[in-house]
Amino acid sequence: MLKNYLTIAWRNLVRSKWYSLINTLGLSIGMAVALLIGLWVWDELTFNKYHENHDRLAQVMTTQTFNAHTGTGPAVSLPISSTLRTSYHNYFRYICRVSWSNDHILAVGDKQLTQPGFYVQPDFPEMFTLKMLRGSRAALKDPSALLLSQSAATALFGDADPMYKIVKVDNKSQLKVGGVFEDLPRNTSFYKESCLLTWDLYESLNDWVKNSEDHWGNHSWQLFVQLNPDVDPARVTATIKDIAKPHNKDGGESIVIQPMDNWHLYSDFKDGKVAGGRIKFVWLFTIIGIFVLALACINFMNLSTARSERRAKEVGIRKTVGSLRRQLVAQFLSESLVVAALALILALIWVLISLPFFNTMADKNMHLPWAQPVFWGLVLGFMVLTGLLSGSYPAFYLSGFRPIKVLKGTFKAGRYSSLPRKILVVIQFTVSVAMIIGTLLVFRQINYARSRPVGYTREGLVYLFMNTPEIYGHYDALRDDLLKTGAVEDMAESSGPITNIWSNQIGFDWKGKDPNSVPLFGISAVTHDYGRTMGWQILEGRDFSRNFPTDTGDLILNESAVRLTGLRHPVGEIIKWNDKDRKVTGVVKDMVMESPYAPIKPTIFCLDYGWTQVITVRLRPTLTTASALNAIRPVFRKYNPGSPFEYKLVDEEYEKKFSDEKRIGDLATVFAILAILISCLGLFGLASFVAEQRVREVGIRKVLGASLFHLWRLLSTDFVVLVIISCGIAVPIAWYYLHEWLQQYEYRTPLSWWIFALSSIGALLITLLTVSFQAIRAALMNPVVSLRTE
């Protein structure tokens, strides 16, 4: 029986090649999208599962309130770890301090390599179950050792055995290779880290770290823990949340234990509690995948039921000779399963072709797990489910025909038989139009933030990190040599890059300040030439100047800092900072140094040469960037021979701030285009069928003098009406959800009416283009031929 079903199914597919092609192609695109999104969702849901103890690993975070804003972040003070070790050790198996990730210069002979990494306490490799290819996880108990990733070891030593070889780090320390660990996969939090250095080395190189052992107010580090079995993170948080309050009353600090399984998908906090994160994108793309696959299934349903009259006689004869309805249902379902099987083969080909492009767009490293039986089980189950879903309605619809009416020739599909098909078309275009509106708004939000005035001139700015001792102490000589190249307009140093604020501090006081308030300011230490190099805009007072030796230690405030202080005329005022008087020299226009979607942080710029660690250079605009960089390269090699010449373009770094939204927008664009393509494929097939059914009517109307335009309108009107209804449904739904989405941004684009109008007009034009081909083709047919055929 099964063989008979499959044979008949194949013959029906071959007999109706055109409709079979549309069905298979549309279904394959829908299945390919669902497979790609399934891979993406799986990659997101398995983030950090590489670590064997992921369910017991956690990060200690702090919640503080400053400037009427409560924020939760990973920066902690050193005494927190000491307190956990001494007073709460029964909750934890491991407690590990970790520095922030930084680029380190690794040198072996003449070979120099910049690799990201951090300083960690010895338990880190064991906690995160690094897979050691050489050496031991316990190697970091030796302060003179370091661990390298496999890729870093290969880059430094090639195929030679790296064990116990000496690596010069940051031109400061001679360390031996204590082990090589397997490169971490891309869907882990630390996948970029290529070298691990010891915490003891960190303290020996930085006295300020050692001196912060009892400083509760210095939040400059990360802290990771491994909980003991059966210990609930929420219970631990409730127990330890107030341990810092007696020592750090300013800001109302509380402690939060954030489980590793939540780091990636639930990273957003509000008022000290988890408030979502990337999980919203997982849900978004899961829904998109379901909708796109549903659109393809709707095509199958529509085309199958539209051709019902052609299958009616077959159903009548089969019922007359004794076929049961369940046998007919099985027959039609087998046809849909054959189509689904063909579509799956085609979908896998689409996925193979598009996966490299999709990985680049999604910033992933996904692949099809061909060798996994679970994968094939899921794929085959997915195929069967898709086949049954797309074939169920046609199967029950077609199998319900009454044989007497069919064989007598009195069978008519009925006045309302096309209503389900119309409803399905409306659903298709409702989804498609909503996706188009969403895509347009995402890119409008990106462009809105991108066009936000940044308060300085980004073009031509290049910055480099001062990561070796040689580069320090040569400010004037380095600047003079750079200016002599003719490729540089100016140079300055600062404590952080212009694209970020690395330090936030309290401890400020001024005349008229509310004694109960604890304001938090972003701090950037700068040199005299910083303002000219960046191109910031002085609004009041003046810039730092060498003509005024008393400027050392003075302050320049941005507009947001002035508003926070409440000073009406801040220039010349004295602001106490950690009990030292500092004079306000000037006020600058707000500069976007952090998120372009967020309010500008109140920021203070302090003239201080002893705190700088970033060099920023403004290249001459008359030269190309490449030629200017080639001109300054020898100068940096002269003053910093222990480091490769590696730089960052401010323009590119600023553009990275839009990467998440742009990535989501790009993916949404691709899926919206595919949704429209699938909907149009179905519409094209329906239009073809309608034109075929009305060929006699078109012939008669043409003989009676109907114009081409009249016939085109006759065949197109029904479809246009359906799309207009879809737009009417899609617009309010899209407005509601997009309005909610925009609320997460402080700096956001207005929800303009033209986005909805443009999307609706676009959908109508696409519909007309799709339907018009078949409508005009039918209208141009010779009526003699069509009437003779009928």
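Overview of results
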read-out	value
Residues of segment 556-586 that turn out to be surrounded by fewer than 19 Cβ atoms within 10 Å (Cβ to Cβ), in a strand (DSSP E or B) and of a type outside the set (D, E, K, R), as a count	1
Strands (runs of 3 or more DSSP E) enclosed by segment 110-157 - at least 3 residues per element that are within 25 Å of TYR647 (Cα to Cα) and touching a residue at least 60 places away in the same chain (Cβ under 8 Å)	111-120
Flag for TRP741 being more than 25 Å from the chain's Cα centre (by Cα) and modelled with pLDDT of 80 or more	no
Residue that is least open to solvent (accessible area, probe 1.4 Å) [pool: residues in segment 428-461 that are among the hydroxyl-bearing types (Ser, Thr, Tyr) and assigned to a loop (DSSP other than H, G, I, E, B)]	TYR456
Any pair with Cβ under 9 angstrom, 6 or more apart, that starts in segment 216-230 at a residue that is small (Gly, Ala, Ser) and ends at one that is outside any strand (DSSP E or B) and open to solvent by 30 Å² or more (accessible area, probe 1.4 Å)	GLY217/HIS247; GLY217/ASP250; GLY217/ILE506; GLY217/GLY507; SER220/TRP100; SER220/TRP208
Residue tally, condition in contact with a strand residue (DSSP E or B) (Cβ under 9 Å, 6 or more places away or on another chain) and part of a loop (DSSP other than H, G, I, E, B), over segment 514-534	7
Those residues of segment 117-169 which are acidic (Asp, Glu) and in contact with a Gly (Cβ under 8 Å, 6 or more places away or on another chain), in sequence order	ASP142
Index of the failed condition, GLY277 passing every other in (1) within 30 Å of THR669 (Cβ to Cβ); (2) buried (at least 18 other Cβ atoms within 10 Å of the Cβ)	(2)
GLY553, sole failed condition from (1) open to solvent by 20 Å² or more (accessible area, probe 1.4 Å); (2) outside any helix (DSSP H, G or I); (3) modelled with pLDDT under 90	(1)
Positions within segment 478-505 being assigned to a helix (DSSP H, G or I) and over 19 Å from LEU607 (Cα atoms), in sequence order	ASP480, ASP481, LEU482, LEU483, LYS484
Subset of segment 287-307 [out of contact with any helix residue (DSSP H, G or I) (no Cβ under 6 Å at 6 or more places or on another chain) and at pLDDT 85 or above]	ILE287, ILE290
Residue within segment 135-150 that is of a type in the set (A, V, I, L, M) and open to solvent by 30 Å² or more (accessible area, probe 1.4 Å) present	yes
All positions within segment 519-535 that are touching a Phe, Trp or Tyr at 6+ places or on another chain (Cβ under 6 Å) and of a type in the set (A, V, I, L, M, F, W, C)	LEU520, ALA525, VAL526, MET534
Residue within segment 347-363 that is open to solvent by 40 Å² or more (accessible area, probe 1.4 Å), closer than 29 Å to THR770 by Cα and at pLDDT below 80 present	no
Any pair with Cβ under 9 angstrom, 6 or more apart, that starts in segment 607-626 at a residue that is touching a residue at least 12 places away in the same chain (Cβ under 8 Å) and closer than 19 Å to ASP481 by Cα and ends at one that is among the basic types (Lys, Arg) and surrounded by fewer than 20 Cβ atoms within 10 Å (Cβ to Cβ)	ARG618/ARG532
Filtered residues of segment 603-628 (kept if under 26 Å from SER659 (Cβ atoms) and open to solvent by 10 Å² or more (accessible area, probe 1.4 Å))	GLN613, ARG618, LEU619, THR624, THR625, ALA626
Yes/no for SER679 being part of a helix (DSSP H, G or I), crowded, with 22+ Cβ neighbours inside 10 Å and either at pLDDT 90 or above or on the phi < 0 side of the Ramachandran plot (or both)	yes
Criterion: part of a helix (DSSP H, G or I), at pLDDT 90 or above and buried (at least 16 other Cβ atoms within 10 Å of the Cβ) - qualifying residue of VAL731, VAL723, VAL698, VAL690	VAL731
Residues of segment 467-495 satisfying the condition of being hydroxyl-bearing (Ser, Thr, Tyr) and either open to solvent by 40 Å² or more (accessible area, probe 1.4 Å) or within 15 Å of THR527 (Cβ to Cβ) (or both)	TYR472, TYR475, THR485, SER494, SER495
Residue list for segment 152-202, filter: closer than 21 Å to ASP110 by Cβ and touching a His at 6+ places or on another chain (Cβ under 8 Å)	VAL169, ASP170, CYS195
Residue check for TRP40: among the aromatic types (Phe, Trp, Tyr) and under 29 Å from ASP207 (Cα atoms)	no
Test: GLU314 is modelled with pLDDT under 80, surrounded by 16 or more Cβ atoms within 10 Å (Cβ to Cβ), closer than 21 Å to ALA32 by Cα and among the acidic types (Asp, Glu)	no
Count of segment 643-654 residues which are assigned to a helix (DSSP H, G or I) and either among the β-branched types (Val, Ile, Thr) or open to solvent by 70 Å² or more (accessible area, probe 1.4 Å) (or both)	2
Residues within segment 35-85 that are of a type in the set (Ser, Thr, Tyr), assigned to a loop (DSSP other than H, G, I, E, B) and open to solvent by 10 Å² or more (accessible area, probe 1.4 Å), tallied	2
Every pair of residues 6+ apart whose Cβ atoms lie under 8 Å, when the first sits in segment 441-456 and is in contact (Cβ under 8 Å) with a residue 12 or more places away in the chain while the second is small (Gly, Ala, Ser)	VAL442/GLY665; VAL442/ALA668; PHE443/GLY665; ARG444/SER752; ILE446/GLY665; TYR456/GLY535
Residues being buried (at least 20 other Cβ atoms within 10 Å of the Cβ) and either over 28 Å from the mean Cα position of the chain (by Cα) or farther than 30 Å from PHE645 by Cα (or both) - total across segment 93-106	5
In segment 531-550, the residues that are touching a Ser or Thr at 6+ places or on another chain (Cβ under 6 Å) and under 20 Å from ARG479 (Cα atoms)	THR533, GLY535
Close pairs (8 angstrom Cβ cut-off, 6 or more residues apart or separate chains): closer than 16 Å to THR624 by Cα in segment 462-490, assigned to a loop (DSSP other than H, G, I, E, B) and basic (Lys, Arg) anywhere	GLY486/ARG620; ALA487/ARG620; VAL488/ARG620; GLU489/ARG620
Pairs, first open to solvent by 20 Å² or more (accessible area, probe 1.4 Å) in segment 587-600, second in a strand (DSSP E or B), C-beta under 9 Å, six or more apart	LYS589/ILE538; LYS589/LEU539; LYS589/ASN558; ASP590/ASN558; ASP590/THR603; GLU594/GLY522; ILE600/ASN558
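The values are calculated or read from the model by the stated rules, or taken from the named source; none is laboratory data. Please read these numbers as outputs of a predicted model, since none were measured by experiment. FYI the Cβ positions are ideal-geometry reconstructions off the backbone, even for glycines, and counts take in every protein chain you see. Protein only, heavy atoms only, side chains kept; ligands, DNA and RNA dropped before computing areas. Shrake-Rupley method; radii C 1.70, N 1.55, O 1.52, S 1.80 Å.
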